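Every number here is computed from the coordinates shown, using simple stated rules; none is lab data. None of the values given here were measured: they were computed from a predicted structure. Positions of Cβ are generated from backbone atoms using ideal geometry, with glycine treated the same way; all protein chains shown enter the neighbour counts.
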Amino acid sequence: MNKPVDLRSDTVTQPTAAMRQAMLAAPLGDDVFGDDPSVNALQEKIAAMLGFEAALFVPTGTQSNLCGVLSHCGRGDEYIVGQMQHCYRWEGGGAAVFGSVQPQPLEHQPDGTLALRDIEAAIKPDDPHFARTRLLALENTLGGKVLPLSYLQEATALARRKGLATHLDGARLFNAAVAQAKGGDSRQEARRIASLFDSVSVCFSKGLGAPVGSALCGSRDFIARARRIRKMAGGGMRQAGMLAAAATHALDHHVDRLAEDHALAHRLAQGLEGLPRVQVERPDTNILFVDLSGPARDRASGLLEHLAKNAVLATGLYRLRFVTHLDVDAAGVDRAAAAIRSYFQG
């Protein structure tokens with residue numbers, strides 16, 4: 001049996017041999033006391049890379065967004081967010097549950113943006129009938145879509161004019177930066193995107209390939225508030241330097257190679273072209289969506305089982321999602337395309 005081609009998510013990546021060596025060699029301390037040198041080095045590195053005063057290493061992107069929103073907002077406040085953003089839809093309602101912070105979700109435009117007119121209309125007047133609008137939260141990439149830099153500039157400028165703070169869920173920020181740089185300086189592009197926001201969350205355990213961890217970046221005062229929230233949320237880790245070392249290795253070695261994942265997503269899209277009633281959405285980065293209709297939709301229920309029998313893993317039903325990453329190669333992508341084609345043509 002072939003090793004499965006796992007296209008469920010870029011979270012399934014395994015640490016490379018070099019990353020494992022970096023983890024084993026990491027000097028350790030106690031991060032709750034603030035003296036784990038590997039954690040401190042990572043926090044300084046990612047903050048400097050993205051142009052912030054400070055950063056906080058946390059176990060997950062969900063906790064990073066939670067610490068971010070609750071550091072900007074208090075009880076009775078609200079944040080404006082997109083219906084399909086991770087921090088609203090897929091993080092258990094944490095800001096509302098733990099912080100009594102109300103989300104104000106908006107519909108997305110086809111390109112993943114939130115219309116500026118909708119953002120402005122959602123900002124509440126200073127009236128005791130309403131929650132206090134404090135924050136605009138955006139996500140880049142969103143479902144693999146890159147939000148244009150010009151849009152981010154306009155949206156964050158609107159927020160500033162209205163007195164709102166801004167937070168970016170940049171779980172796949174470096175995917176956006178690599179796509180935006182088009183072969184240029186992807187780190188500089190990441191910094192350009194991050195510079196528009198008061199806080200940014202970055203995930204190390206997706207395309208960058210680390211086993212665990214995210215970082216929240218912001219001002220020193222902001223990160224001090226976030227550190228307190230992290231403690232309350234159970235995110236204070238002790239000898240976390242082994243995990244931080246993996247993230248540092250990823251920043252040093254795995255950023256520019258994200259372009260390979262993007263190319264593989266395009267390769268898979270091309271491999272599926274021409275199938276009847278199978279609509280392939282052109283990927284911006286490493287996430288490919290495929291929508292089924294008509295006879296293809298009628299047969300959708302058996303597709304994932306067929307793929308699994310052919311050592312291909314994916315998610316979805318009528319809307320399928322395929323995610324490329326550093327543990328996927330061209331041969332695996334071609335095998336996935338062939339298995340999908342064989343199912344619908346058989």
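Take the eigenvalues of the Cα gyration tensor for segment 257-345, scale each by 5, and report the square roots as semi-axes in whole Å, largest first. Could the numbers behind the result be given before it?
Numbers: eigenvalues 85, 38, 23 Å².
That gives 21, 14, 11 Å for the three semi-axes.
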### Task
Going by C-beta contacts inside 10 Å, put Val81, Val328 in order with the fewest on the left.
Val328, Val81
### Query
So which chymotrypsin sites (Phe, Trp or Tyr not before Pro) in segment 64-162 end up in coil per DSSP with only 16 or fewer other C-beta atoms within 10 Å?
Trp90, Phe130
### Query
Distance from the Cα centre of segment 293-313 to that of segment 128-180, in angstrom?
36 Å
### Message
Using only Cα atoms and rounding to the nearest 10 degrees, what angle (0 to 90) does helix 220-232 make with the longest principal axis of the chain?
### Response
70 degrees
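Considering only DSSP states other than H, G, I, E and B, which GluC sites (Glu not before Pro) in segment 221-328 qualify as loop sites with at most 11 other Cβ atoms within 10 Å?
Those that pass, being in a loop and sparsely packed, are Glu273.
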### Task
Filter the GluC sites (Glu not before Pro) in segment 14-84 to those in DSSP coil with at most 15 other Cβ atoms within 10 Å of their Cβ, and list the result.
Glu53
### Charge tally in the Cβ shell below 14 Å around Gly112, where Lys, Arg are +1 and Asp, Glu are -1, Gly112 excluded
-3
### Task
Mind pulling the angle between the C-alpha long axis of helix 61-72 and the longest principal axis of the chain? Nearest 10 degrees, somewhere in 0 to 90.
30 degrees
## Note on the structure
Note on the chain: contact order normalised by length, alpha-carbon pairs under 8 Å, 6 or more apart, percent, works out to 25 percent
### Summary
Ordered by fewest other Cβ atoms within 10 Å, a rough proxy for footprinting exposure, Arg187, Arg257 read Arg257, Arg187
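Just the number, please: percent antiparallel of the DSSP beta bridges in segment 12-253, rounded to the nearest 5.
Numbers: 10 of 28 bridges.
Restricted to segment 12-253, the bridges split so that about 35 percent are antiparallel.
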#### Entry: Cross-link pairs beyond the 22 Å C-alpha cut-off, checked among Lys162/Lys206; Lys145/Lys206; Lys162/Lys182; Lys206/Lys231; Lys206/Lys309
Lys162/Lys206; Lys162/Lys182; Lys206/Lys231; Lys206/Lys309
### Query
Among Leu216, Leu158, Leu258, whose mean-square fluctuation peaks in a Gaussian network model of the chain (Cα, cutoff 10 Å)?
Leu158
### Query
What's the angle, to the nearest 10 degrees (0 to 90), between helix 241-253's Cα axis and the longest principal axis of the chain?
60 degrees
### Message
For Cα pairs less than 8 Å apart in space and 6+ apart in sequence, what is the mean separation divided by the residue count of segment 147-225, i.e. the relative contact order in percent?
### Response
27 percent
